[in-house]
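Please read the structure below before turning to the comments.
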Amino acid sequence: MKNRLKQSLVTAMTFAALSTSVSSFAHNHGEHETDNTNYKKWVGGFGEYYRPDTDKPNEIGGGFLEDGAAFGVEYGFRFTPRWAMRLSAAVNSVDSASNQYISGSVDGTNFGVDALYFQDDLQTYLFTGLHHVNDDFDDYLSAAFGVGKHWDLNENWRLITEATGYHTFSEHYNDYSLKLGLAYVWGEETKTYTSRLTPAPVKVKDSDRDGVNDALDNCPNTSLEEAVDNTGCSVIIQEEIEIQLVALFAHDSSVIQNPEDVKFSELADFLIRYNNATGTIEGHASTVGSEAYNQTLSQKRADAVKALLVSRYGAPVERITAIGFGESNPINPANNAAAHRENRRIVGIVKVIIETPKTR
């Protein structure tokens, strides 16, 4: 019962030490400590609570070793900000129940070399190594593994806490220890140390594969065929499109002779399709008659075409302008019947600026 109680106590203390160190690591993971952590070397002294395997030494049955203590020194140095090597030496004394082999304590030494890997706070570390143990009964090599932390006291002093497990492969012993120590630190790592604390580059996410990070992409669903600018939006090309309609009138008339002509529906459809298109209907007259009369006649012709486009073909009235030019812009200046026929006309002009994405 006594041994079981001690084993429970050792297990609880080991778990507490592990929890303390691991929680400290979790708290500092990914954060830059404001403490001075870039020391290169340290030397320290320590004391340990030591719990040997109760089966030791198995060649005489074991079962009589109890709790013990160890005192030692260590020297460590970092060869990178995260990786370090440590040498240690300790003397230990383990209480034992009196028996035919021994009365009092079992004394020995422990010489070790460990490799340490420091976490993101550069003070919490995981370690493993080899330790040579020599006591009154055994002489063996153990593999050590554990977790620890150097706690800041001031610029040059650190408190050491550590939990360690030992496994002896030849005898299958499992020992445990909890360490408390004090270390003096000195020396500084090179400037590459600080760069190791910078956050890892954020992976660029580009959902629409246009070459612009999603965080900067104002148009997240562009086509792969479209060229984009530095905001992720399509590069737009502007182009002006124009269509024209020419229709002739009888002498001294504003009546449209061929209202079914497909040219009228095409012009109206163009206005309907492009909601930013505008149209101008120009009315013209020949030079027969007075200038004032011809001006009025040309305006009637322009108004008649506009009315046809709106009433029959559904063109938007607000985007059509009808203008009469009278006899001022003849296309044939001759004074004969053929020239007069050509000049009795309307000209419909519709223009629109369309925008199309530029392709890659």
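Tabulated values for the structure
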read-out	value
Criterion violated by GLY104 - all others in (1) exposed (fewer than 14 other Cβ atoms within 10 Å of the Cβ); (2) at negative phi satisfied	(2)
Enumeration of residues in segment 270-279 that are surrounded by 14 or more Cβ atoms within 10 Å (Cβ to Cβ) and either in contact with a helix residue (DSSP H, G or I) (Cβ under 9 Å, 6 or more places away or on another chain) or of a type in the set (Asp, Glu) (or both)	LEU271, ALA277, THR278, GLY279
Flag for VAL73 being of a type in the set (A, V, I, L, M), modelled with pLDDT of 95 or more, exposed (fewer than 15 other Cβ atoms within 10 Å of the Cβ) and under 22 Å from HIS172 (Cα atoms)	no
Check on ASP107, touching an Asp or Glu at 6+ places or on another chain (Cβ under 9 Å), part of a loop (DSSP other than H, G, I, E, B) and either closer than 17 Å to ASP53 by Cβ or assigned by TED's automatic domain parsing to the domain that holds GLU66 (or both)	no
Residue in segment 1-24 that is in contact with a helix residue (DSSP H, G or I) (Cβ under 7 Å, 6 or more places away or on another chain) and either at pLDDT 75 or above or part of a loop (DSSP other than H, G, I, E, B) (or both) present	no
Sole exception among (1) within 18 Å of LYS263 (Cβ to Cβ); (2) free of Cβ contacts under 8 Å to residues at least 40 places away in the same chain for GLN299, by number	(1)
THR296 farther than 14 Å from SER253 by Cβ and polar (S, T, N, Q)	no
Residues being within 27 Å of ILE241 (Cα to Cα) and surrounded by 13 or more Cβ atoms within 10 Å (Cβ to Cβ) - total across segment 333-353	11
Residue list for segment 116-138, restricted to those being surrounded by fewer than 15 Cβ atoms within 10 Å (Cβ to Cβ), polar (S, T, N, Q) and over 21 Å from GLY45 (Cβ atoms)	THR128
Those residues of segment 203-257 which are touching a strand residue (DSSP E or B) at 6+ places or on another chain (Cβ under 6 Å), loosely packed, with under 11 Cβ neighbours inside 10 Å and within 30 Å of ASP303 (Cβ to Cβ), in sequence order	GLU240, GLU242
Qualifying residue in segment 122-144 (condition: outside any strand (DSSP E or B) and within 44 Å of the chain's Cα centre (by Cα))	yes
Answer from ILE323, ILE346 - the residue that is more than 20 Å from ASP261 (Cβ to Cβ), of a type outside the set (Ser, Thr, Tyr) and outside any loop (DSSP other than H, G, I, E, B)	ILE323
Close pairs (6 angstrom Cβ cut-off, 6 or more residues apart or separate chains): in the same structural domain as SER93 (by TED's automatic domain parsing) in segment 39-55, surrounded by 17 or more Cβ atoms within 10 Å (Cβ to Cβ) and assigned to a loop (DSSP other than H, G, I, E, B) anywhere	LYS40/GLU189
Residue that is nearest to the chain's Cα centre (by Cα) [pool: residues in segment 283-305 that are surrounded by fewer than 22 Cβ atoms within 10 Å (Cβ to Cβ) and of a type in the set (D, E, K, R)]	ASP303
The lone exception for ASN276 - which of (1) over 25 Å from ILE353 (Cβ atoms); (2) in contact (Cβ under 8 Å) with a residue 60 or more places away in the chain it fails	(1)
Output for segment 139-166, where each listed residue is over 19 Å from TYR39 (Cβ atoms) and crowded, with 19+ Cβ neighbours inside 10 Å	SER142, ALA144, GLY146, VAL147, ALA163, THR164, TYR166
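The values are calculated or read from the model by the stated rules, or taken from the named source; none is laboratory data. None of the values given here were measured: they were computed from a predicted structure. When we count neighbours, we look across all protein chains shown, and the Cβ atoms used for this are built from the backbone with ideal geometry, even at glycine.
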